[in-house]
Amino acid sequence: MTDKGSKSYVVTSRFPGSQNPTRRTIGKVGSIELADARTVARDWLGMLLRGVDPSLNVIADPDVEVKNPQTFEDIATQFLKLHVCRNKLRSAGEIERLINREMMPKWRTREFVSIRRADVAKLLDDIEERAPVLADYVLAVISKICNWYMARNDDYVSPIVRGMRRTKPRQRARDRVLNDEEIRIFWEASSQCGTFGAFLQICLLTSQRKTKVRLLRWDDIDDNGLWSIPSEAREKTNANSLLLPPKALQIIHAQHKVFDNPFVFAGRGGVAINGTGKSKRQIDKLMQKINGAEIKNWTVHDLRRTAKSLMARAGVRPEVSERVLGHVMEGVEGIYDRYSYDAEKAEALDSLAGIVAKLTDAPLVSSELKDCAGQPAKLPIKFAA
């Protein structure tokens with residue numbers, strides 16, 4: 001009996017292909033008598049002893065359509081199509097990646113309703129050994145899939161319960177920033193890594209989220225070097241616009257313009273660079289070679305935190321650096337202060353570029369830049385094809 005009052009006769013047992021007990025519906029109460037349901041149940045249990053899934057061969061109730069069990073792959077595909085894509089979730093790419101990389105290898109052909117709490121816990125245990133925080137991200141996606149399926153099925157109950165997280169929010173909050181020597185090594189290594197290295201340098205020089213930098217288009221920057229940052233659906237806020245310092249413009253201007261590709265950091269097939277894990281590992285190897293030892297536990301997002309810390313060190317006021325990062329301003333200030341801070345943000349990025357140049361022994365770029373051919377290029381830079 002469900003909480004909505006639907007009543008059915010079911011058989012609960014270990015069906016072929018399932019390691020855990022699961023249910024198969026015999027028929028709804030009223031459309032089949034209790035005695036008949038018991039007879040069918042005995043017949044089904046006998047078939048199970050012979051290794052036959054009776055629900056695939058027997059229909060006890062003519063009003064109940066018995067279908068082949070839906071696998072995890074079936075439900076995950078429907079979830080991505082009907083929920084993630086239809087609602088245009090900003091995290092769509094990450095959700096699909098986690099499903100394909102972490103769940104499909106284990107559960108692709110597994111009957112969805114047979115996946116129990118112990119199965120989820122086992123998967124999370126395996127992930128936790130290499131990445132505890134990743135285990136929580138995977139748990140969140142599994143929970144969304146199960147809740148989505150439960151909202152469409154009377155008899156299904158999600159196996160996810162409170163207490164399954166592997167970390168606490170305080171533990172997930174990172175405080176990693178690159179120190180002065182690490183910044184120098186990072187800059188030297190990234191300077192040798194083409195498009196991806198330039199992408200990382202712009203992440204540091206602008207303090208923007210890596211997705212914003214990765215999706216930077218030539219048309220987003222005007223002739224004066226003003227970067228207008230597009231807003232995405234469901235995005236709370238971003239920096240809106242930033243007047244980029246000459247050093248950042250020099251790096252951007254040095255990127256090759258790929259035919260029909262609108263992105264500054266172009267990938268193959270007319271899209272922006274993607275799948276940056278392999279390139280990040282190459283940077284790590286170069287940094288290790290330069291340093292003589294591995295520089296551990298740093299991520300691309302740490303560049304954003306590093307930039308914030310460097311701006312504070314350069315004397316940039318917190319309310320300005322927060323707006324450079326594009327953070328939501330809380331309280332009365334966020335409601336009533338509608339000043340653009342454009343000049344202050346530009347000055348903050350100039351200060352950031354100056355301290356990065358000092359740490360990396362890279363000369364500050366003045367108004368005289370050079371293009372890819374080594375010829376002088378006066379600001380404002382024209383981004384011509």
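A compact table of results
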| read-out | value |
| --- | --- |
| Simple spin-label estimate for ALA121 and ASP219 in nanometres, 7 Å along Cα-Cβ | 5.4 |
| Accessible-area composition of the chain, carbon plus sulfur, in percent [1.4 Å probe] | 49 |
| Per-residue SASA entry for TYR9, accessible area with 1.4 Å probe, Å² rounded to 10 | 50 |
| Eligible lysines near LYS236 by straight Cα distance, threshold 18 Å, same-chain separation 8 or greater | LYS88, LYS210, LYS212 |
| Using alpha-carbon coordinates, inclination of helix 301-313 to the longest axis of the chain, degrees | 40 |
| Cα-based helix-to-principal-axis angle, 34-49 vs the chain, degrees rounded to 10 | 70 |
| Average Cα contact separation per residue, the range 242-324, under 8 Å, 6 or more apart, as relative contact order % | 13 |
| Candidate residues ASP180, ASP154, ASP175: accessible-area rank, largest first, probe 1.4 Å | ASP175, ASP154, ASP180 |
| Restraint check, LYS285/LYS345; LYS278/LYS308; LYS106/LYS168, Cα-Cα greater than 31 Å | LYS285/LYS345 |
| Extension gain from GLN288 to ARG86, taking 0.36 nm per residue of separation minus the Cα-Cα distance | 68.3 nm |
| Net lengthening on full extension, THR211/GLU73 (0.36 nm per residue, minus Cα-Cα) | 46.9 nm |
| Helix 117-128 axis, angle to the chain major axis (alpha carbon atoms, nearest 10°) | 30 |
| Solvent-accessible area of ARG152 with every protein chain in place, 1.4 Å probe, in Å² to the nearest 10 | 140 |
| Fully extended contour minus Cα-Cα distance, from THR167 to ALA151, at 0.36 nm per residue | 3.0 nm |
| Set of aspartates and glutamates near LYS122 by C-alpha distance (under 17 Å), chain-local residues within fewer than 8 positions excluded | GLU102, GLU111, ASP136 |
| Residues in the range 87-114 reached by a label modelled at ALA131 [backbone nitrogen below 20 Å; 7 Å Cα→Cβ] | 90-108 |
| Summed residue charge, Cβ within 14 Å of ARG162's Cβ, Lys/Arg positive, Asp/Glu negative | +3 |
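The values are calculated or read from the model by the stated rules, or taken from the named source; none is laboratory data. Values in this document were obtained by computation on a predicted structure and should not be read as measured data. No Cβ is skipped: glycine too gets one built from the backbone with ideal geometry, and neighbour counts run over all protein chains shown. Areas reflect the complete protein model, heavy atoms only, side chains present, ligands, DNA and RNA absent. Shrake-Rupley method; radii C 1.70, N 1.55, O 1.52, S 1.80 Å.
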